[in-house]
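Below is one structure, written out as structure tokens; the observations come after it.
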Amino acid sequence: MGYRFTDLTTACHNDWRAYLEHDFVRQLGTATLPEASFRHYLKQDYLFLIHFARAYALAAYKSPTLADLRQAHEGLKTIVDVELGLHVGFCREWGISEEKLAELQETRATMAYTRYVLDTGNRGDLLDLHVALAPCLVGYGEIANWLNAQSSTVRGGDNPFDAWIAMYESEEFQNAMQAELEWLDARLADVTPTRFAELTKIFRDATRLEIDFWQMGLELLDHDLTN
């Protein structure tokens with residue numbers, strides 16, 4: 001029997017749990033995260049989404065089949081036509097105007113993660129790119145599910161970050177996560193042990209960079225770059 005996505009998370013267990021259960025995530029769930037930290041994260045996540053769209057454009061170029069090309073095209077359209085608009089609206093609710101977003105500079109954590117994803121996709125194939133993106137697409141869905149499983153998580157009006165959790169627990173996002181898991185499982189089933197080791201390194205590196213992204217928000221790292 002071949003490999004599955006869960007084999008990647010098992011191979012990177014400590015890093016994966018450190019990402020899913022990071023203090024930023026925990027404080028977001030318990031409604032104790034400083035609002036300045038969340039705003040800082042929102043700004044940089046807007047910039048990340050732009051690079052995420054670029055990654056899907058790269059996925060289209062890397063697609064060996066028409067089905068893969070269609071998947072990449074739909075992903076790109078969803079980010080550009082839907083998700084970025086929703087994020088701009090979400091930022092506006094937190095007092096961050098679209099004009100302010102347009103003036104943002106990237107923090108080092110944002111640059112490190114997004115360029116790693118794009119560089120991995122440029123150097124490798126479509127599977128390399130999907131594995132590099134998996135901590136984001138799969139991870140956010142799992143984080144929402146993990147938060148909902150914690151008795152300490154505050155939901156509703158008592159948590160100013162409730163809408164963030166709701167976004168990633170939504171049927172639409174959970175379905176997208178499941179579709180990505182099915183795609184990954186189908187491709188991982190055919191890889192050799194040597195190839196799996198290469199993919200494990202990509203997944204571990206990307207997960208660690210996601211941890212740095214949380215830490216950037218928690219500690220307001222490079223806050224001087226975002227005014």
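The values are calculated or read from the model by the stated rules, or taken from the named source; none is laboratory data. Everything numeric here is computed off the predicted structure, so don't read it as measured data. Cβ sites come from the backbone with ideal geometry, for glycine too, and all protein chains shown count toward neighbours.
In this structure, does residue 169 turn out to be among the acidic types (Asp, Glu), over 18 Å from residue 59 (Cβ atoms) and free of Cβ contacts under 8 Å to residues at least 40 places away in the same chain?
Yes; evaluated as a whole, the condition is true for this residue.
Can you name every residue in region 176-194 that is hydrophobic (A, V, I, L, M, F, W, C) and touching a residue at least 24 places away in the same chain (Cβ under 8 Å)?
176, 177, 181, 183, 184, 188, 189, 191
For region 92-168, give me every one of the helices (runs of 4 or more DSSP H) that falls completely inside it and has 2 or more residues that are closer than 14 Å to residue 55 by Cβ.
Per the criteria, 108-123, 126-148.
Would you confirm whether or not region 51-61 contains a residue that is surrounded by fewer than 16 Cβ atoms within 10 Å (Cβ to Cβ), at pLDDT 95 or above and not in a helix (DSSP H, G or I)?
No, region 51-61 contains no residue that is surrounded by fewer than 16 Cβ atoms within 10 Å (Cβ to Cβ), at pLDDT 95 or above and not in a helix (DSSP H, G or I).
Residue-wise test of (1) among the charged types (D, E, K, R); (2) in contact (Cβ under 8 Å) with a residue 12 or more places away in the chain.
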position	(1), (2)
50	no, yes
54	yes, yes
65	no, no
68	yes, yes
75	no, yes
84	no, yes
96	no, yes
114	no, yes
117	no, yes
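Say we look at region 98-126 and pick out the residues that are farther than 18 Å from residue 221 by Cα and of a type in the set (A, V, I, L, M); which of these is surrounded by the fewest Cβ atoms within 10 Å (Cβ to Cβ)?
102
Of the conditions (1) surrounded by 16 or more Cβ atoms within 10 Å (Cβ to Cβ); (2) outside any helix (DSSP H, G or I); (3) of a type outside the set (Phe, Trp, Tyr), residue 28 satisfies every one except a single condition; which number is it?
Here residue 28 clears every test but (2).
Take the residues of region 152-174 that are of a type outside the set (Asp, Glu), surrounded by fewer than 16 Cβ atoms within 10 Å (Cβ to Cβ) and more than 15 Å from the chain's Cα centre (by Cα): which is nearest to residue 77 (Cα to Cα)?
Restricting to residues being of a type outside the set (Asp, Glu), surrounded by fewer than 16 Cβ atoms within 10 Å (Cβ to Cβ) and more than 15 Å from the chain's Cα centre (by Cα), the top hit is 170.
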